[in-house]
Amino acid sequence: ASYLDTKAIRRLLGDKEVDPNLKDCRNCTPLLLAAAIGVAEVVKLFLGSAKVDVNLTGGPDNEAPLNLAVRQAPEDATACLLTHDRVNVNSRDLHNRTPLHLAAQRGVSLLVELLLE
């Protein structure tokens, strides 16, 4: 499915035979990719599925979706992850950085404030 094809994503998430936590050849889950591209609507779809492990790490830095989003995604997509009750706001990447470290390093005060709440 295309990263932005929300109908296809909904259909796949609703299919009991589909495992949304499978990783691709780059060690990335669909949620990690959604966090990387930073489209809030797509991130919300994955967060809305109980089948999705919202803290499953992957990618070259073995980071959680929140870490990746804080590091590079737009604020609205990152805020979706930050405000979701199953997301671990203290997750650490391969370099032992937390989302708060990454937000401060990036200089995004809104994300720093949200992480401190």
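If you go through region 89-117 one residue at a time, how many are in a loop (DSSP other than H, G, I, E, B) and in contact with a Leu (Cβ under 7 Å, 6 or more places away or on another chain)? Walk me through how you get there before you give the answer.
First, the residues of region 89-117 that are in a loop (DSSP other than H, G, I, E, B): 89-98, 107-108, 117.
Next cut, in contact with a Leu (Cβ under 7 Å, 6 or more places away or on another chain) only: 89, 91.
Residues flagged as in a loop (DSSP other than H, G, I, E, B) and in contact with a Leu (Cβ under 7 Å, 6 or more places away or on another chain) within region 89-117 amount to 2.
List the number of the failed condition for Ala69; all other conditions in (1) outside any helix (DSSP H, G or I); (2) at pLDDT 95 or above hold.
Evaluating Ala69 over (1) outside any helix (DSSP H, G or I); (2) at pLDDT 95 or above leaves (1) as the failure.
Just give me the residues in region 4-29 being touching a helix residue (DSSP H, G or I) at 6+ places or on another chain (Cβ under 7 Å), part of a helix (DSSP H, G or I) and hydrophobic (A, V, I, L, M, F, W, C), in sequence order. Steps first, please.
Of region 4-29, the ones touching a helix residue (DSSP H, G or I) at 6+ places or on another chain (Cβ under 7 Å) are 4, 6, 9-10, 13, 18, 20.
Those still in the list that are part of a helix (DSSP H, G or I) too: 6, 9-10, 13.
Those that are touching a helix residue (DSSP H, G or I) at 6+ places or on another chain (Cβ under 7 Å), part of a helix (DSSP H, G or I) and hydrophobic (A, V, I, L, M, F, W, C): Ile9, Leu13.
Are there any pairs, at least 6 apart or on different chains, whose C-beta atoms fall under 6 Å, with the first in region 12-29 and touching a residue at least 12 places away in the same chain (Cβ under 8 Å) and closer than 16 Å to Leu56 by Cα and the second surrounded by 13 or more Cβ atoms within 10 Å (Cβ to Cβ) and β-branched (Val, Ile, Thr), and if so, which?
Pro20/Val52; Asn21/Thr29; Lys23/Thr29
Exactly one condition in (1) at pLDDT below 95; (2) buried (at least 18 other Cβ atoms within 10 Å of the Cβ) is false for Tyr3; which is it?
(2)
Check off (1) within 25 Å of Val89 (Cβ to Cβ); (2) of a type outside the set (Phe, Trp, Tyr); (3) touching a Leu at 6+ places or on another chain (Cβ under 8 Å) for Ala40 and give me the number that stays unchecked.
The single condition Ala40 does not satisfy is (3).
Residue by residue through region 26-71, note down the ones that are under 11 Å from the mean Cα position of the chain (by Cα), among the polar types (S, T, N, Q) and surrounded by fewer than 19 Cβ atoms within 10 Å (Cβ to Cβ).
Within region 26-71, Asn55 is the sole residue that qualifies.
Restricting to region 90-117, and then to whatever is surrounded by 12 or more Cβ atoms within 10 Å (Cβ to Cβ) and of a type in the set (D, E, K, R), can you tell me which residue is nearest to Leu68 (Cα to Cα)?
Asp93
Hey, Ala50 hits all of (1) under 18 Å from His84 (Cβ atoms); (2) touching a helix residue (DSSP H, G or I) at 6+ places or on another chain (Cβ under 9 Å) but one; which does it fall short on?
The failed condition is (2).
The values are calculated or read from the model by the stated rules, or taken from the named source; none is laboratory data. From a predicted model like this one, the values you see are computed outputs, not experimental measurements. Counting neighbours? That spans all protein chains shown, and the Cβs are built from the backbone with ideal geometry, glycine included.
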